[in-house]
Amino acid sequence: MSLRLSLLAVLLAWPVAACTAATASPQAATGNAKAFDAAFQKLNGPAFLDVPSATIEAEFVRLRSLLPANDPARDIHFRSVFCNSLQWKDAHRGRDYSKTAVQLAHSAGDVASEARARLCLATYIMLLDGSQQGLPEIDTAIHLLKEHQEPQLLAEALEMRGDLLSLLGEQAKAMLDFQRARTAFRRAGITQEVNPLMFSMAVAYRRMGDWDRAASYFTAAQQRARAIGDTEAEATNLLQLGFLRLETSAPGKALSAFSQAVSIAQQHADTSSVNAARTGIAEAQILLGKPDAALSTLQQARTGYLADQDNSSNDMLLLLTGRALAAKGQYAQALQRYQQALPLIQANGNERYLAQLHQAQASSEEALGQPAAALQDFKKFHALQMKLRSKMQLEQNQMMAFEDAIRRTDFENRQLRAQAEVRQQELKALERVRHWQWLAIVLALLLLALLCSMAWRQWQRSKKLQDLTLQDPLTGIANRLGIEREVVRALTSAQREHSPMSLLMLDLDRFKSINDRFGHAAGDQVLRDVTRAWQTQLRNRDPLGRVGGEEFIVVCLDADLNKALAVAERLREATQALHFDGIDPGLRISVSIGAAQVLADGESSDALIQRADRALYRAKHSGGNRIEY
């Protein structure tokens, strides 16, 4: 049984008498122990990893009917799975039931049941107290299972933690958990890909900006679900396609996907998906300039979440309500909603939502004539955006390296196994012939030499891959990680040798308009042409790196501020002199530059970069195409 069910579905109504009976666990005398064990094993086996929730709920009912009376051990088993049922009406009672299940399993020394119950408990905690609050219970369950022979349950727990980490913006950590889950599934004898796990990985790809790969999976999965009549899976994949369209600035397509998801989810009373889809519809309506419709949709979503006792989306509901009010010109009311959302977002630790809040708040404060407050919020938004971009780029690089290492290791392991099998067969034949014993020694030496050779090639490839992770794939110059290393290296050398050193931060003016007018391919060409032009103006030993979409850093070695300003002027002039006849003969661009010189021996690289960034900020807000220091 997939434990992800608890994260994806809503707590539906269940008659009070039934809930009371489940708590007390009185069963008919006809309960059959062997039949219960078989049903329990089936429910927690591979066959139930990817089935509709209705099928699982029917199995819960059957399992309950088979539970023998006065059988504490099997009662603990039943509680450990029934706590995960969708049929709890009251989330608080579900949480209490899960706590009791944890205590009983712990007292009985039933590790697997305790782990299952803790995963149930984590789900109710997330619903009632916020997503991040459930993480300790999941961590405890995983710790318990690492010392216990339950590889499938461990895989499901790792997948659940990966889902939560992905929601909180920790995509690299989430992907690591997903890969560990895949390995655990293999240990459990499940050799085919598990669809819920692949879905979780696609969501993480979407959140780290690999939209093409995510869209390919969601579209194929949605079509497959429609073909087999799995409306629950179809609605779930439509939801993800809607979020993806919002993130790729296509609110019209997002609105269509979310509307389809609502229609399908309502057919089988999946109120959790309905609420999530309505939240997405509201955001699309705001982006499409329909704030009144968005406010109406948000009220519907709020009512639905309240009925489900689901508080996990209160922060986003308040943020979107504020954005809709701001779109109507009601900026003071919008600020009230933002202030209510702020502690909830901070408690959940979601930096993506926090960045959106500061951006929206800055816009409303500016509209209300509060420039100082607007500037403070804009600075917070800018700092978070820089951090998120850096994290996303690092996660993408780590994921590329990790996937390449997995493919290479799998291929080489297959080669080694095949070669080892051949050598083993040859050695067995040689053992039967005494006169050929010397040949066995030679073959063993050859195998050792082959392994050493492959290990050497593996080391060389790893070193090459490490170098590639420091390079920006679009422009060929250093990426953020690479240029920050150069800054640290140069600063250390300058402080050791007491020599001057300066830093330039560059940002292409109005670059977004180029992407909007001519497309991202044209924007990429502009970035390549600009970096080539700059490289002709720099010394070979002055590092140049790209730290964001159109933001760059230049390290000026052995250069005081005056020399750095001269370099900056050459770069500014070179930028203005560029022509882009292949895009538009009339297209011209400019650059804003911030400069800073190392002030003291104890200054850190972060402090130096921040001073240059503040200078760049002044240049941008003074009209651009200028240099500030």
**OP:** Could you please find all residues in the stretch 265-280 being open to solvent by less than 20 Å² (accessible area, probe 1.4 Å) and among the hydrophobic types (A, V, I, L, M, F, W, C)?
**Re:** ALA265, VAL274, ALA277
Original post:
Do you know which residues across the stretch 482-515 are polar (S, T, N, Q) and part of a loop (DSSP other than H, G, I, E, B)?
Top reply: SER499
Original post:
Are there any pairs, at least 6 apart or on different chains, whose C-beta atoms fall under 9 Å, with the first in the stretch 264-291 and at positive phi and the second modelled with pLDDT under 95 and open to solvent by less than 20 Å² (accessible area, probe 1.4 Å), and if so, which?
Top reply: ALA269/VAL10
Subject >> Tally of residues being within 18 Å of ASN311 (Cα to Cα) and open to solvent by 10 Å² or more (accessible area, probe 1.4 Å) across the stretch 95-120 >> reply: 2
Original post:
Where in the stretch 516-609 are there strands (runs of 3 or more DSSP E), lying wholly inside it, with at least 2 residues that are surrounded by 14 or more Cβ atoms within 10 Å (Cβ to Cβ) and either of a type in the set (Val, Ile, Thr) or without any contact (Cβ under 8 Å) to a residue 40 or more places away in the chain (or both)?
Top reply: 551-557, 591-597
Original post:
Can you tell me how many residues in the stretch 241-261 are open to solvent by 20 Å² or more (accessible area, probe 1.4 Å) and either in contact with a strand residue (DSSP E or B) (Cβ under 8 Å, 6 or more places away or on another chain) or part of a helix (DSSP H, G or I) (or both)?
Top reply: 11
**OP:** For GLY624, indicate whether it is closer than 20 Å to ASP516 by Cβ, surrounded by fewer than 17 Cβ atoms within 10 Å (Cβ to Cβ) and in contact (Cβ under 8 Å) with a residue 12 or more places away in the chain.
**Re:** yes
**OP:** Taking only the stretch 131-179 into account, find how many residues are among the basic types (Lys, Arg) and modelled with pLDDT under 90.
**Re:** 2
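For the stretch 362-376, check the following and say yes or no: at least one residue is over 29 Å from GLY304 (Cβ atoms) and at pLDDT below 90.
Here is the first cut: in the stretch 362-376, the residues over 29 Å from GLY304 (Cβ atoms) are 362, 365-376.
If we keep only those that are at pLDDT below 90 too, we end up with 374.
The answer is yes, given that some residue of the stretch 362-376 is over 29 Å from GLY304 (Cβ atoms) and at pLDDT below 90.
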Subject >> Tally of residues being more than 19 Å from SER131 (Cβ to Cβ), open to solvent by less than 30 Å² (accessible area, probe 1.4 Å) and small (Gly, Ala, Ser) across the stretch 185-219 >> reply: 4
Subject >> HIS92 without any contact (Cβ under 8 Å) to a residue 12 or more places away in the chain and surrounded by fewer than 24 Cβ atoms within 10 Å (Cβ to Cβ) >> reply: no
Subject >> Every residue from the stretch 48-89 that is more than 30 Å from the chain's Cα centre (by Cα), aliphatic (A, V, I, L, M) and crowded, with 16+ Cβ neighbours inside 10 Å >> reply: LEU63, LEU66, LEU67, ILE76
Original post:
Among ARG226, ARG182, which is open to solvent by 10 Å² or more (accessible area, probe 1.4 Å), closer than 28 Å to VAL274 by Cβ and assigned to a helix (DSSP H, G or I)?
Top reply: ARG226
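From the list LEU443, LEU450, exactly one residue is modelled with pLDDT under 75 and either surrounded by 12 or more Cβ atoms within 10 Å (Cβ to Cβ) or aromatic (Phe, Trp, Tyr) (or both). Which is it?
The match here is LEU443.
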Original post:
Can you name the condition, by its number, that TYR629 falls short on among (1) over 20 Å from ASP560 (Cβ atoms); (2) touching a residue at least 40 places away in the same chain (Cβ under 8 Å)?
Top reply: (1)
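The values are calculated or read from the model by the stated rules, or taken from the named source; none is laboratory data. For clarity, every value in this text was computed on a predicted model and none was experimentally measured. Counting neighbours? That spans all protein chains shown, and the Cβs are built from the backbone with ideal geometry, glycine included. These area figures cover heavy atoms from the full protein model, side chains too; ligands, DNA and RNA do not enter into them. Shrake-Rupley method; radii C 1.70, N 1.55, O 1.52, S 1.80 Å.
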